[in-house]
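Down below is the structure, laid out as structure tokens.
The values are calculated or read from the model by the stated rules, or taken from the named source; none is laboratory data. Quick caveat: nothing in here was measured; it's all calculated off a predicted structure. Using ideal geometry, Cβ is built from the backbone for each residue, glycine included, and neighbour counts are taken over all protein chains shown.
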Amino acid sequence: MKRVFLKFFSILVLVILFSTSVFGQQSQAPAAPAPVVSKQVEPNIYTFTGGRGANTGAYIGEKEVLLIDSKQDSASVAQVLAAIKKLTNDPVTRLVNTHADGDHVFGNRFQPAGVTFIAHENCLKEFFMPSMNGTPSDWNNPALKEFLPSVTYKDRMDLPVGAKRIQLYYFGVGHTTGDTVVYFPDEKVAFIGDQIFTARVQLIHAYKGGSSFGEVAALEKMLSTIDAQKFVCGHNDVIDRAAVQNHIAQMKDLQEKVRGLKVKGQSIEEVQKQFEQNQSALIQTIYNEIK
């Protein structure tokens, strides 16, 4: 009887351990992303939300399609291309990367053959930078060369798509060192990448050379240079001019609060305790920038 009980108990323990292991694996499995959905911003201008990676933009030209950013995996890119096929049979010929974060550029490698990639010259440099934890960039692999930006610019670039002229602007260091604003002057629509987050705390890639004060300056320069009324962000809904101005004001308020505390001699740890926990990274970036 004792042997039977021990055998039964051993089997029960194994079943529990196996069940716990399977449940743990299932609970840790990443959630499936929402399907890609197309949203019209203006006639012939679209944004594609959902999937993995940042929002993708598209301009449906007379004979070609221009994309803005490229999602993060093959399935998401395929969904974007399928959605475009419902709008036009014309091919995707060019793609502008607003900056070099993986969720905006990894999908380059899944685009149709022959697509030309365009970015700011600093953005191209950032393709090859190590990640935040020091992992080397896989873009150093020569096999990926055809998916890198082959057309770059310094300050401004006019991009003709048929009769349409689209303007690319570099307003300075901000979220990264190579953020492009894609502006449609006729429609007064601007795609601004990750220069503004509305659903989460603003992200500044200081390890890449990004700057919170630079981001504010770049946004102010953007507003004084272009007359955009709609701003399409990488991870938000479309926002208006007032929302951009409000974001600038909020960033300046944070910067002044951090400056006041640092001038008083408070350490970064003491300063961070006076803000929300999810603001810690941004507060540290601001603190480090104040001399």
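Taking the residues in segment 7-66 that are at pLDDT below 65 and β-branched (Val, Ile, Thr) as candidates, determine which candidate is farthest from Gln195 (Cα to Cα). Please lay out each step first, then the result.
Taking segment 7-66 and keeping what is at pLDDT below 65, we get 7-29.
Right, trim to β-branched (Val, Ile, Thr) and you get 11, 13, 15-16, 20, 22.
Working: Ile11: 57, Val13: 53, Val15: 51, Ile16: 49, Thr20: 43, Val22: 41 Å.
Once the filter is applied, the top-ranked residue is Ile11.
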Failed criterion for Val173 (all others in (1) within 28 Å of Asp240 (Cβ to Cβ); (2) surrounded by 23 or more Cβ atoms within 10 Å (Cβ to Cβ); (3) touching a helix residue (DSSP H, G or I) at 6+ places or on another chain (Cβ under 7 Å) hold)
(2)
Could you please let me know if Ile60 is of a type in the set (Val, Ile, Thr) and buried (at least 23 other Cβ atoms within 10 Å of the Cβ)?
no
Within the bounds of segment 82-104, is there any residue that is of a type in the set (A, V, I, L, M) and surrounded by fewer than 17 Cβ atoms within 10 Å (Cβ to Cβ)?
yes
Evaluation of Thr198 against (1) among the hydroxyl-bearing types (Ser, Thr, Tyr); (2) under 19 Å from Asp179 (Cα atoms); (3) over 16 Å from the mean Cα position of the chain (by Cα) (one fails), failing number:
(3)
For segment 115-125, how many residues are closer than 23 Å to Phe171 by Cβ and either buried (at least 18 other Cβ atoms within 10 Å of the Cβ) or of a type in the set (S, T, N, Q) (or both)?
7
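Please go through segment 105-136 and pick out each residue that is free of Cβ contacts under 8 Å to residues at least 12 places away in the same chain and basic (Lys, Arg). First the steps, then the outcome.
Within segment 105-136, the first condition is being free of Cβ contacts under 8 Å to residues at least 12 places away in the same chain, and the residues that meet it are 113, 130-131, 133-136.
Those that are free of Cβ contacts under 8 Å to residues at least 12 places away in the same chain and basic (Lys, Arg): none in segment 105-136.
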Is at least one residue of segment 274-286 in a loop (DSSP other than H, G, I, E, B), in contact (Cβ under 8 Å) with a residue 40 or more places away in the chain and either under 20 Å from Thr49 (Cα atoms) or β-branched (Val, Ile, Thr) (or both)?
no
Please find, within segment 126-150, the residue that is farthest from Tyr207 (Cα to Cα) out of those that are surrounded by 14 or more Cβ atoms within 10 Å (Cβ to Cβ) and more than 20 Å from the chain's Cα centre (by Cα).
Glu146
All but one of (1) touching an Asp or Glu at 6+ places or on another chain (Cβ under 8 Å); (2) modelled with pLDDT of 95 or more; (3) at positive phi hold for Gly172; state the number of the condition that does not hold.
(1)
Where residues in segment 105-114 are small (Gly, Ala, Ser) and surrounded by fewer than 16 Cβ atoms within 10 Å (Cβ to Cβ), which of them is farthest from Ala34 (Cα to Cα)?
Gly114
Check segment 241-257 and report whether any residue there is of a type in the set (A, V, I, L, M, F, W, C), surrounded by 20 or more Cβ atoms within 10 Å (Cβ to Cβ) and touching a strand residue (DSSP E or B) at 6+ places or on another chain (Cβ under 8 Å).
yes
Give the residues of segment 173-184 that are closer than 22 Å to Gln229 by Cβ and not acidic (Asp, Glu), sorted by residue number.
Gly174, His175, Thr180, Val181, Val182, Tyr183, Phe184
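Could you check how many residues of segment 188-240 are acidic (Asp, Glu), surrounded by fewer than 22 Cβ atoms within 10 Å (Cβ to Cβ) and in a loop (DSSP other than H, G, I, E, B)?
Narrowing segment 188-240 to residues acidic (Asp, Glu): 194, 215, 220, 227, 237, 240.
So of that shortlist, the ones also surrounded by fewer than 22 Cβ atoms within 10 Å (Cβ to Cβ) come out as 220, 227, 237, 240.
Subsequent filtering for residues that are in a loop (DSSP other than H, G, I, E, B) retains 227, 237.
Of the residues in segment 188-240, 2 are acidic (Asp, Glu), surrounded by fewer than 22 Cβ atoms within 10 Å (Cβ to Cβ) and in a loop (DSSP other than H, G, I, E, B).
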